[in-house]
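Quick notes on the structure that follows.
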Amino acid sequence: NGGVACGGTSVKDLTGGRLLNTAGTTTWTGTGQIRIGSGGGIHNGGLWDIQSDASLSNLIGALPFENQTGATFRKSAGAASTIVNVPFSNAGSVRAQAGTLQFAAGYSQTAGSTTVEGGVLGSPDPLDIQGGLIGGSGTIAAAVSNAGHLSPGLSPGALSITGAYAP
């Protein structure tokens with residue numbers, strides 16, 4: 001029910017159908033990646049703060065990372081890329097504040113917000129925004145399928161989408 005501190009250089013595996021449910025602050029530092037597979041998954045109900053350039057990898061069979069209503073998933077430090085290579089579902093807040101936050105295995109949002117705040121948000125597949133808000137100032141290096149609300153700028157600011165945009 002609390003938070004988690006993930007750090008160091010070693011790999012952290014979450015497998016065997018285990019679910020990590022976080023409700024407090026989870027701080028991810030260091031270079032060690034987190035790997036999820038065999039029915040393992042993460043349900044974030046608090047603040048998940050990425051302060052590194054490590055990756056979240058799929059060992060085959062990972063459940064989606066669920067960023068729940070009221071939760072925040074953000075990359076606040078690191079100049080390079082953090083690659084999220086598991087399906088990602090957002091109903092809370094996703095914030096790209098530093099470096100590149102790359103969703104390599106799909107990104108869907110049913111509610112909440114996806115905001116670029118000084119970092120880059122990327123994906124090889126279109127970001128599937130079914131509801132909520134997408135916006136901010138900076139670059140979205142992906143195509144966007146948006147059934148939600150587009151809100152460029154952070155008073156003042158501009159939002160650049162390098163892929164196709166389909167409202």
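Here is a check on your reading of the model: is Leu63 within 17 Å of Phe103 (Cβ to Cβ), touching a Pro at 6+ places or on another chain (Cβ under 9 Å) and buried (at least 18 other Cβ atoms within 10 Å of the Cβ)?
When the stated conditions are applied, Leu63 passes them.
Return the pair list, or none, for Cβ contacts closer than 7 Å from residues in segment 54-82 that are free of Cβ contacts under 8 Å to residues at least 24 places away in the same chain and over 12 Å from Leu14 (Cα atoms) to residues that are open to solvent by less than 50 Å² (accessible area, probe 1.4 Å) and outside any loop (DSSP other than H, G, I, E, B), at least 6 apart or on different chains.
No pair meets every condition.
When you scan segment 136-167, how many residues do you find that are in a strand (DSSP E or B) and on the phi < 0 side of the Ramachandran plot?
Within segment 136-167, the first condition is being in a strand (DSSP E or B), and the residues that meet it are 136-141, 144-146, 149-152, 159-161, 165-166.
Adding the requirement that they be on the phi < 0 side of the Ramachandran plot leaves 137, 139-141, 144-146, 149-152, 159-161, 165-166.
Qualifying residue count for the region: 16.
Checking the structure you have, find out if any residue of segment 52-60 is open to solvent by 70 Å² or more (accessible area, probe 1.4 Å), modelled with pLDDT of 95 or more and touching a strand residue (DSSP E or B) at 6+ places or on another chain (Cβ under 8 Å).
no
Does segment 78-88 include one or more residues that are crowded, with 17+ Cβ neighbours inside 10 Å, out of contact with any strand residue (DSSP E or B) (no Cβ under 6 Å at 6 or more places or on another chain) and at positive phi?
Yes: one or more hits.
If Ser89 satisfies every condition in (1) small (Gly, Ala, Ser); (2) within 13 Å of the chain's Cα centre (by Cα); (3) over 22 Å from Pro124 (Cα atoms) but one, which is the exception?
Against the list (1) small (Gly, Ala, Ser); (2) within 13 Å of the chain's Cα centre (by Cα); (3) over 22 Å from Pro124 (Cα atoms), Ser89 comes up short only on (3).
Go through segment 8-25 and give me each residue that's among the aliphatic types (A, V, I, L, M) and open to solvent by 50 Å² or more (accessible area, probe 1.4 Å).
Within segment 8-25, Val11, Leu19, Leu20, Ala23 meet the criteria.
Among what's in segment 8-42 and is without any contact (Cβ under 8 Å) to a residue 24 or more places away in the chain and assigned to a strand (DSSP E or B), pick the residue that is nearest to Gly70 (Cα to Cα).
Within segment 8-42, the match that is nearest to Gly70 (Cα to Cα) is Thr26.
Quick grid of which residues meet (1) at pLDDT below 95; (2) in contact with an Asp or Glu (Cβ under 9 Å, 6 or more places away or on another chain); (3) under 23 Å from Ala79 (Cβ atoms):
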| site | (1), (2), (3) |
| --- | --- |
| Gly118 | yes, no, yes |
| Pro126 | no, no, no |
| Ile134 | no, no, no |
| Ala143 | no, yes, no |
| His149 | no, no, no |
| Leu159 | yes, no, yes |
| Ala166 | no, no, no |
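Can you tell me which residue in segment 118-167 is most open to solvent (accessible area, probe 1.4 Å), limited to those that are of a type in the set (A, V, I, L, M, F, W, C) and in contact with a His (Cβ under 8 Å, 6 or more places away or on another chain)?
Filtering segment 118-167 for residues that are of a type in the set (A, V, I, L, M, F, W, C) and in contact with a His (Cβ under 8 Å, 6 or more places away or on another chain), the one most open to solvent (accessible area, probe 1.4 Å) comes out as Leu133.
Report yes if Thr115 is in contact (Cβ under 8 Å) with a residue 40 or more places away in the chain, closer than 28 Å to Cys6 by Cα and open to solvent by 10 Å² or more (accessible area, probe 1.4 Å), otherwise no.
No.
The values are calculated or read from the model by the stated rules, or taken from the named source; none is laboratory data. Please read all numbers here as calculations on a predicted model, not as lab measurements. Counting neighbours? That spans all protein chains shown, and the Cβs are built from the backbone with ideal geometry, glycine included. The accessibility values were calculated without ligands, DNA or RNA, using every heavy atom of the protein model including side chains. Shrake-Rupley method; radii C 1.70, N 1.55, O 1.52, S 1.80 Å.
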